[in-house]
1. State yes or no: is Asp6 in contact with a helix residue (DSSP H, G or I) (Cβ under 6 Å, 6 or more places away or on another chain) and among the acidic types (Asp, Glu)?
2. Taking the stretch 217-275, which residues are surrounded by fewer than 21 Cβ atoms within 10 Å (Cβ to Cβ) and within 15 Å of the ligand (Cβ to nearest atom)?
3. Which of (1) buried (at least 23 other Cβ atoms within 10 Å of the Cβ); (2) modelled with pLDDT of 95 or more; (3) within 26 Å of Phe191 (Cβ to Cβ) does Glu117 not meet, given it meets every other one?
4. Which count do you get for residues in the stretch 141-191 that are assigned to a loop (DSSP other than H, G, I, E, B) and within 16 Å of Leu223 (Cβ to Cβ)?
5. Which one is nearest to the ligand (Cβ to nearest atom) among residues in the stretch 141-169 that are more than 21 Å from Ala295 (Cα to Cα) and modelled with pLDDT of 95 or more?
6. Tell me, which helices (runs of 4 or more DSSP H) lie completely within the stretch 238-353 with 1 or more residues that are charged (D, E, K, R)?
7. Can you name the condition, by its number, that Ile202 falls short on among (1) within 16 Å of the ligand (Cβ to nearest atom); (2) of a type outside the set (Asp, Glu); (3) outside any strand (DSSP E or B)?
8. Which members of the stretch 354-388 meet the condition of being assigned to a loop (DSSP other than H, G, I, E, B) and surrounded by fewer than 17 Cβ atoms within 10 Å (Cβ to Cβ)?
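The values are calculated or read from the model by the stated rules, or taken from the named source; none is laboratory data. Treat the numbers as computed from the prediction; the structure is a model and nothing was measured. All Cβ positions, glycine included, derive from the backbone under ideal geometry; neighbour counts span all protein chains shown.
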Amino acid sequence: MTISQDLFARAQASIPGGVNSPVRAFNGVGGTPLFITKAEGAFTFDADGNRYIDYVGSWGPMIMGHNHPAIKQAVHDAVENGLSYGAPTEAEILMAEKVKELVPSIEKVRMVSSGTEATMSAIRLARGFTGRDKILKFEGCYHGHADSLLVKAGSGALTMGVPNSPGIPEDFAKHTLTVSFNNLDEVKAIFAKYADEIACIIVEPVAGNMNCIPPVPGFLEGLRDVCDEYKSVLIFDEVMTGFRVALGGAQAYYNIKPDLTCLGKVIGGGMPVGAFGGKTEIMDYIAPVGPVYQAGTLSGNPIAMAAGLKSLELLSEPGLHAKLEATSKAICEGFEAGAKKAGIALTTNYAGGMYGFFFTDAEKVTTYKQATECDLERFKRFFHLMLEEGVYLAPSAFEAGFVCAAHNEQEIKDTIAAAERAFAKL
Ligand code: PMP
């Protein structure tokens, strides 16, 4: 019995499923999750002393690499002054100013403590601002676990086979309309039907919770036009893509301006942080200036602000996002070449610092349907073969892979060589 197996058995006696977030339990791939003891740069280390090249990166935040010395120092410095005050600090202003500088569609921003809070609050704000109840989301997109958003959801909900979670009253869910990602005709048709009842469209501009599916040309532009036509709020959920696909997020990469943006993951540098922001006209609709209520005991926490701000400063280094995209590209091309050599059908997608690979005959995957029809058994075997090779991939076929600034030539080479051996064994 490994130490991880022992810890997992113990964890299950006092934590539901042994984990504090479902996908961690390896339900998507089977087997025992690794219990992590430390992480450094591109690597994580498990309780049994094994080292892995890590492509999960705490599900996105660790874009500068694990335990970055400057971020660690910023946290240490902040800790010296106390952990939380529940009163305003200058660090919150610095964070807001930095977010506005990097994401110009954001004129005002409110900090929260998770991506879920960011999307939940943005939806409430869009509803309050427009006076409309319905929202439109896309099948397989995940926006956290707020009631309105766990309808045809991706990520763990899809991995566990509960895209529509029990516990959400039909009366709530009926206000959430869903259509297919990358299908503008469906969006137009549903707007034609409900016209001025739809408060907002919420979308992952690059879908990262049903594997990795970038928008097809014209899709995001079309969403912008539809929202303009029907006076609906366009919300980009950039919790995953923010500061990752490009320094200015997917909205900079694809040059589309949403009305509201949700942020998380990278913005906290590894601490629990989220944010939502956008047009002043809409943002001033929240309390205390406006009537839509939203609050948080630990929102803008000084330690979290210190870690996040330092992370954003480091990310602003010129050329860093070009390096991240080059890493994603190298991984994708390496995987495709390795699979081809072994006679395995595989295709890949990437955008900036996120990527995905699909066991399918399809030339390109652009839809939820295609993503869910891929060979999941093959994915599971590949995942475990890679783990044996010392490469830690996302433990689900419905999650994007994340690269970080600490993935250098050697790690990329080792990952591709490991994949070649794994493909040969499939
Ligand atoms: N939106 C997106 C696009 C996400 O990927 C996630 C988390 N993976 C969330 C929202 C929810 O964020 P959190 O887990 O921090 O609540």
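1. On the way: in contact with a helix residue (DSSP H, G or I) (Cβ under 6 Å, 6 or more places away or on another chain): no; among the acidic types (Asp, Glu): yes.
No: the conditions fail for Asp6.
2. Matches in the stretch 217-275: Met271, Pro272.
3. The single condition Glu117 does not satisfy is (3).
4. The qualifying residues number 6.
5. Tyr142
6. 280-283, 302-315, 320-341
7. Exception for Ile202: condition (3).
8. Answer for the stretch 354-388, where residues must be assigned to a loop (DSSP other than H, G, I, E, B) and surrounded by fewer than 17 Cβ atoms within 10 Å (Cβ to Cβ): Asp361, Ala362, Glu363, Lys364, Glu373.
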